[in-house]
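Data block below; observations after.
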Amino acid sequence: MVYDATSEDFETVVLERSFERPVLVDFWAPWCGPCRAMAPLIERLSAELADRIDVVKLDTDAHPELASRFGIRGIPNLKIFRDGKIVGEQVGAVGYRELVEFVERHAPSEATLLVERARALLAAGDREQARGLLERAVELAPGHGPARLELARLAVAEGDREAYQRHRDAVAPAADEAERIANLEALLELREVCETRGGMAATRREVADEPTDPDPWYAHGACLAAEGEFEAALEAFMAAIERTTRPHDTPAHRALLALFTELGPGHPLAETYKRRLQIYL
């Protein structure tokens, strides 16, 4: 339920309450069309995230002193309060998905906190404890994209296609992580290529025996990618492309693009090899 605050109870329902849990305040006015358009979204947010955050509305026309106190110069204006302070702000009308993301950044769910802990464990090499936290996260939120993404990555690293498909299918197609999870199938296929070709040592020998042939370079890149050695894998795929007459849409070209997606926008390795690919093509 959205609570309508006033100057008389703002200190209690927002500032004092924010020491117990986050409070989202929607600063609005009756004449504001975008504010009225967002009202049903604010109501929905209040109902769906009631376990995580309080939602309060404040009419800036009726209570201009509070609008002035908190620097409201344009509406709709959303502010999240924690421990008596503003920790997040969103100015202007946004869609429901953006609203949820805004709250998630400043009032993360238990599932999100579990994923953050799991990622730290994965970085430290503790795969099994991380898996336990991720599985707990999807128990709490079955469609949680970040948790499913990390579990899908674990499945790919272990060559477990069934587990990978289970995590892929549990994520809504519109979720931010859906494309990256789908992209992991290409990495799973690279692991299968590596196994078919006899593994890392065998493909390394193939490259040494036939250095001008693109196929051994591709197979060796597949093994490197399967082991998470992405820089060496990118180099091997580029070597395969540079030894191919028509490199567009070859297995090595597709593998290179899959690694770009996995590394993510702006990653230094991805940017370096994108430039090399563009120059060559």
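The values are calculated or read from the model by the stated rules, or taken from the named source; none is laboratory data. Every value quoted in this text rests on a predicted model; they were computed, and no experiment measured them. Reconstructed Cβ throughout: ideal geometry from the backbone, glycine too, with neighbour counts over all protein chains shown.
Quick check on this structure: which one of ALA270, ALA232 is assigned to a helix (DSSP H, G or I), crowded, with 18+ Cβ neighbours inside 10 Å and without any contact (Cβ under 8 Å) to a residue 40 or more places away in the chain? Quick ask: steps written out before the conclusion?
On the way: ALA232 fails: crowded, with 18+ Cβ neighbours inside 10 Å.
Only one candidate passes the filter, namely ALA270.
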Do we find that ALA137 is under 21 Å from HIS167 (Cα atoms) and surrounded by 16 or more Cβ atoms within 10 Å (Cβ to Cβ) in this structure?
yes
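Any residue in region 213-228 that is assigned to a helix (DSSP H, G or I) and loosely packed, with under 14 Cβ neighbours inside 10 Å?
Our first condition is that a residue be assigned to a helix (DSSP H, G or I); within region 213-228, this holds for 214-226.
Then keep just the ones that are loosely packed, with under 14 Cβ neighbours inside 10 Å; that gives none.
No, region 213-228 contains no residue that is assigned to a helix (DSSP H, G or I) and loosely packed, with under 14 Cβ neighbours inside 10 Å.
Wholly within region 97-160, which helices (runs of 4 or more DSSP H) include no fewer than the required count, namely at least 3 residues that are under 30 Å from GLY84 (Cα atoms) and at pLDDT 90 or above? Don't jump to the end; show me each part of the working.
Working: elements: 110-123, 127-140, 145-157.
The qualifying helices (runs of 4 or more DSSP H) are 110-123.
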With the condition kept exactly as written, say whether any residue in region 249-265 is more than 14 Å from GLY221 (Cβ to Cβ) and part of a helix (DSSP H, G or I).
yes
